[in-house]
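Report on the following structure.
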Amino acid sequence: MKKKVTHEQTRVLNRQLVTKTIYDAGEISRAEVARVTRLTRPTVSDLVAELMSQRLVVEVGYAPSTGGKRPMLLRIDADAQNTISIDLSRKDFCGAVLDLRGEVQHREYRRWRNDRPSLDLIFELVDSLVAAADRPLLGIGVGTPGLIDAAHGVVVAAVNQEWTNVPLRQLLEERYGVPAYVANDCQAAALGEFTFGNVNGVQDLVVISVGWGIGAGIVVNGQLLHGTPFGAGEIGHIVVAENGERCSCGGFGCLETVSSSQAIVRQVHALLARRGDPRVISPEQVSFDRVCELFHEGDAEVREVVRAAGRGLGTVAAYLVGVLGIYHLRFAGQVTAIGPFLLEAVREEMVRLLLPALADEAQLEFATLGSDIVLKGASALVLHHELGVL
Ligand SMILES: [Zn+2]
């Protein structure tokens, strides 16, 4: 009996390996899959037959002739199955149906009632997405703020949401009968960028998401680093300003008080109020879009606020590079609208804090996936676990 279980486990792993190889290659022959995976040709043919019977893999035609018999090429049928993704990182939270290449097929928004998340509203959104999906569901992925025990899919603590120990994965799996995965939104974003963001074979990547809050997602050797059981990339409350402003966490001078979009808005509001701008009464009247306008008009004081925000990010980015030795850093979220000036400020601080050899090596870029980064990351989470791809 034990032997049979082992045999089945091997088969599952081999099937994931074959799926991943075809997924990564785009189009590939059975012989080439056997060569890459080091599985025997009969094993590959057998597994491919199984994947074809599930419609996950299709034959696309013969390869161009290279002299001998032309091999039949295989590819993943991106339309064979759907994933459902939920991005809970925004007040107007969002869900989508995606294909197996992470392309959004259908999306819907909801707004929290009284700014408080409720499971009922999440279920209502997923119900609607399930109805909209026209392919079998591979699984559901969720990216949410807070400390997440990803192994069990439990939201351990989400301060802004006032959630404690919510077993989101279990609740979704019980209700919908498909696998569900839950990750921190910034970690999901990093996985999304790593999977769909043209990283050109890079295996180590840090994505720093800077919006209302700030967090990093860390991919090491192609795997998302969660922490044990959580906490990797929780950079938002690292103190970067001694005697700085009070933070929502109760501390003072945290990165989020200097570099988050709300911190930038708050400081620009104070600036405009000081100038006696009659249109400015409360911070709510200064949007981040307005900050970007002022910045691009060349307002010197606004540029200084933005520069300080960039330097705060640079402090923490320097720590990340120094500790992890990862040099590919991408920035995501609302503040990317500021443009290259922000990255220059980040680099300025990194150069000040790091050994020159480390600072020189650092490659700072903006993430490529825009506002869909968490949705795509949640989908990547499902693909990673269910198909072994990444
Ligand atoms: Zn804090």
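At-a-glance table
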read-out	value
Charged-residue dipole, Cβ positions (Lys, Arg, Asp, Glu), the stretch 200-329 about Cα centre, Debye nearest 20	140 debye
Fewest-first sequence of I326, I140 by Cβ atoms within 10 Å of each Cβ	I326, I140
The stretch 354-390 versus the stretch 166-191: alpha-carbon centroid distance in Å	19 Å
Sites matching trypsin sites (Lys or Arg not before Pro) across the stretch 210-282 that sit in DSSP coil, with at most 12 neighbouring C-beta atoms within 10 Å	R275, R279
Cα-based Lys pair tally, the chain, threshold under 26 Å, eight or more apart or on separate chains	5
Inter-site label distance for A78 and V58 at 7 Å from Cα along Cβ, in nm	1.2 nm
Separation between Cα centres of the stretch 48-124 and the stretch 284-352, rounded to whole Å	33 Å
Principal axis box of the stretch 1-135, alpha-carbon based, largest edge first, Å	66, 45, 22
Residue of T40, T144, T368 that the Gaussian network model of the chain assigns the largest fluctuation, springs spanning Cα pairs under 10 Å	T40
Cut-off of 10 Å, at most 12 other beta carbons, DSSP loop: longest stretch of the chain lacking such GluC sites (Glu not before Pro)	1-161
At least 27 Å along the helix axis (C-alpha) and Kyte average at least 0.0, DSSP helices within the chain	300-324
Cα gyration tensor shape for the stretch 306-390, rounded if a/c is under 1.5, else prolate or oblate	oblate
Most fluctuating residue given options G143, G215, G231, as computed from a GNM of the chain linking Cα atoms under 10 Å	G231
Stretch gain in nm, segment I238-R35, where the contour uses 0.36 nm per residue and the Cα spacing is subtracted	68.4 nm
For Y327, residues with placed amide H under 5 Å, excluding near neighbours	none
Loop-located trypsin sites (Lys or Arg not before Pro) in the stretch 1-55 whose Cβ has at most 15 other Cβ within 10 Å (DSSP)	R38, R55
Neighbour-count order for I264, I122, fewest beta carbons within 10 angstrom listed first	I122, I264
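Every read-out reported here was derived from the displayed coordinates using simple, explicitly stated rules and does not represent laboratory data. None of the values given here were measured: they were computed from a predicted structure. Positions of Cβ are generated from backbone atoms using ideal geometry, with glycine treated the same way; all protein chains shown enter the neighbour counts.
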